[in-house]
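**Q** Structure incoming, see below.
Nothing in this text is a laboratory measurement; each read-out follows from the coordinates by a stated rule. Keep in mind that this is a model prediction, so the values were computed, not measured.
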């Protein structure tokens, strides 16, 4: 491994906060899957993953605006999600 890559990894490790995944207290957190519903009854589910992870369908980075908006919210909370295709107000349906 190159010296530059080793420095980058060391910097990342120094800035990492270890947290328990998922919803410890019923609130959306890193590692949790959050289901929300918009005013039209359309449901969307997101899994909050780390910012260094490769993102796939229905996964969002914990650093993203959507994940930040969902964080610390519990079922029945209303949240405004700021998305590239426009803002939407949703209700948190489930956190697992």
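**Q** Just subtract the alpha-carbon distance of residue 9 and residue 71 from 0.36 nm times their residue separation and send over the number in nm, one decimal.
**A** Here the answer is 19.7 nm.
**Q** Seen from all sides and averaged, what is the projected area of the convex hull of the Cα atoms in the range 20-95, in nm²?
**A** Projected area, direction-averaged: 4.7 nm².
**Q** In angstroms, what radius of gyration and Dmax does the range 56-96 have, counting Cα atoms only?
**A** When restricted to Cα atoms, the range 56-96 yields Rg and Dmax of 10.2, 27 Å.
**Q** Compute the length gained on full extension between residue 63 and residue 40: take 0.36 nm times their separation in residues and subtract their Cα-Cα distance, giving the result in nm to one decimal.
**A** Length difference between fully extended and current span is 5.6 nm.
**Q** To the nearest 10 degrees, how steep is helix 3-15 against the longest Cα principal axis of the chain, on a 0 to 90 scale?
**A** Value to nearest ten degrees: 50.
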